[in-house]
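This report concerns only the one structure given below.
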Amino acid sequence: MTDWTRRDFLRTAGIAAAGVALAPRSSRAADARIDVLVGEPIGPVTADHYGHFVEHLGGVIYDGVWVGEQSRIANTGGVRQALVDHMRRLPRGPIRWPGGCFADSYDWRDGVGAAAARPRRTNFWLNDMASLPDSAGKFDPNAFGTNEFMRFCRLAGGAPYVAANLRSLPARDFYQWVEYCNAPAGSTSLAELRERGGDREPFGVRFWGVGNESWGCGGNFSPEDYAIEYRRFTAWVPRYGLQLAFIGSGPNAGDLGWTRRFFTKLTEKGEGALNGLWGWALHHYSWNASRGATTDWNAGKGDAVQFTNDEWYELLNEADRMDGLITGHWGVMGEIDRRRRVKLVVDEWGAWYKPGSEVDPTHLFGQQSTMRDALIAALTLDTFHRHADKVAMANVAQLINCLHSLFLAHEDQFVATPTFHVFEQYGAHVGGQSVRMVASAPRIAYQRVNGAGSFWGLGGSATLKDRVLTLTVVNPHTTEAREAEISIRGAAARTAKATVIAAPEIHAHNTFAEPGAVQPKEEAVAAPRDGAIVHRFAPASVTRLTVTLQ
Ligand code: AHR
């Protein structure tokens, strides 16, 4: 059963119903429409929207990123070679480290100096790893510290985004970490310590997170208390000629009160306090919320691989909340930040499942990534594009061996997930100008735990670079293809080609044994007629159309 309203389609395009007046066009046999309005730019899509996140958690750093210089596993300076090779195929997005919750328990001094002399410390995630052997990363050897992280960033090509410890270290340690990273060669004792670690030249770190989830694991602050801490931590930080970009610990999903109360308290001594706040970090994970929250950590979390049709739509629906979260928090920020100095940074996003599909039992929060995760990644990236005027950076959680990962690895085995293929396919948007795109298709009905639900029938985003339009389209329907007429308002299509990520089965995923089960394929596109394109989007698919304009 299907129904659809114009308002729903407009909402998926990130625009208000009232603001649109599209003249109806003659439809061919198509049961859906996509209108691209090249004359309505939104904002630039940059590599910063394609950021990553690596935390000292389970198998992310050890067994994931870091194999060690003496390893028999191919590596450059201790960093897993296969990971670097694959990341080189992606937009050069910023990489966030060392957490997450871990960040607010991390003393950066533990991870510098001679590797053999570094202390072993209890990992923040110890209690969650209680049932695992000690080799599971309960105790951090600190082999991977600041210099190793910067090496990884250089190899992968992404800018470092470092999250400072606000809960359990004083502000002075933050300033000194900045000094260690950014002070000119030979200028201070900390610069010399950096040099003894192998890096004479400064790292030039611009992005600094000021705490993480300060409403929870980052200190359980009230927004007012956190605002005071934020001001104190950022009141005097050595710049060394750089424009530092501070990122405040923002809300958990829809907590608008956290945003409003923080911004109110932050500016009580004047709006100038907004100048240093480059980004406001929003976190949103997708799990089956309709199952309700209980004290059970895994309540509401389904299986990564075994799921029903309804659970497929439910998770997509959860991920799609991102659209409303962005506009909701953006609206509240604008009540105080009238000059729009501060942008949103979605530095943790992705699907989160219960344990059981991890490639190794020691990988806390490790999970498989199926076609469902490919669609979640695609619709989330589309959402960021459609809000490129509001979202300055985003970081999927997390890069490898964890939630919504692009890669899974254990010892010498390595595989790229369907989510990696989405990131690679969507990379074509980077450097383009996001333009308004409106998709109209029949809605899909499904059964929620607590009643009837429905989900949009076609979604996506569009960017324009020179005379080339990149259009990405998600067809969420598990069984039905959707044929759409694509009109480009203000221009006409000359040529079009497509790549598609689809699989015969919605649970399809890549494994060490079968790494190519899900991968992109080129797809034929009929020649444009009268400047418009008609294309059939496969069920449960992510398609990129590359359209040259006349
Ligand atoms: O990504 C896993 C954890 O989820 C992060 O450490 C924390 O910030 C969030 O709650």
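Observations on the model:
- The stretch 153-221 and the stretch 343-400: distance between their alpha carbon centers, rounded to Å: 25
- Per-residue HN-Hα couplings for the stretch 105-114 [Karplus 6.51, -1.76, 1.60; θ = phi - 60°; Hz; x = Gly/Pro]: 10, 9, 9, 4, 5, 5, x, 10, x, 3
- Solvent-accessible surface (1.4 angstrom probe) belonging to Thr417, in square angstrom, nearest 10: 0
- ³J(HN,Hα) computed for each position of the stretch 505-510 - Karplus, 6.51 cos²θ - 1.76 cosθ + 1.60, integer Hz, glycine/proline x: 9, 5, 8, 4, 7, 9
- The simple Förster model, with R0 at 51 Å and r as the Cβ-Cβ distance, assigns Glu268 and Thr546 a FRET efficiency of 0.55.
- Tally of Lys pairs whose C-alpha atoms are under 19 Å apart, taken over the chain, 8 or more apart or cross-chain: 5
- Summarising the strand pairing of the chain, around 60 percent of its internal DSSP beta bridges are antiparallel.
- Linear extension gain, Glu224 paired with Asn275, 0.36 nm per residue minus alpha-carbon span: 16.5 nm
- Prolate/oblate/rounded call for the stretch 392-520, Cα gyration tensor, a/c under 1.5 rounded: oblate
- Tail weight of P(r) past 17 Å, computed on alpha-carbon pairs of the stretch 309-395, percent: 56
- By the beta carbon rule, with partners counted only under 4.7 Å, the chain holds these lone Cys residues: Cys153, Cys181, Cys402.
- In this structure, Ala114 and Leu242 have a Cβ-Cβ separation that, at R0 = 30 Å, corresponds to a calculated FRET efficiency of about 0.60.
- Proximal charge balance of Phe414 [Cβ under 13 Å; K/R count +1, D/E count -1]: -4
- Fraction of accessible area attributable to carbon and sulfur, the stretch 47-429 (%, probe 1.4 Å): 48
- Residue-wise HN-Hα coupling along the stretch 516-529, computed from phi with Karplus coefficients 6.51, -1.76, 1.60 (Hz; x: Gly, Pro): x, 4, 10, 7, x, 9, 6, 9, 6, 10, 5, 4, x, 10
- Between the amide H of Ala245 and those of Phe207, Trp208, distances stay under 5 Å, these residues lying 5 or more places away or on another chain, with hydrogens modeled in the peptide plane.
- Cα-Cα P(r), the stretch 47-429, percent of pairs per 10 Å interval: 5, 24, 35, 26, 8, 1, 0
- Gain upon complete extension [Tyr175, Ser187; 0.36 nm per residue less C-alpha separation]: 2.8 nm
- Nonlocal amide H pairs with Gly43, under 5 Å, H built at 1.01 Å: Ser434
- The chain: calculated mean residue ellipticity at 222 nm from DSSP helix runs of at least 4, using -39500 (n - 2.57): -7000 deg cm²/dmol
- Two-decimal ratio, the stretch 200-355, of alpha-carbon radius of gyration to 2.2 N^0.38 Å: 1.19
- Taking every C-alpha pair closer than 8 Å and separated by at least 6 residues, the mean separation divided by the residue count of the chain gives a relative contact order of 20 percent.
The values are calculated or read from the model by the stated rules, or taken from the named source; none is laboratory data. Everything numeric in this text was worked out from a predicted model, so none of it was measured. Cβ sites come from the backbone with ideal geometry, for glycine too, and all protein chains shown count toward neighbours. In case anyone asks, the SASA skips ligands and DNA or RNA and just uses the protein heavy atoms, side chains included. Shrake-Rupley method; radii C 1.70, N 1.55, O 1.52, S 1.80 Å.
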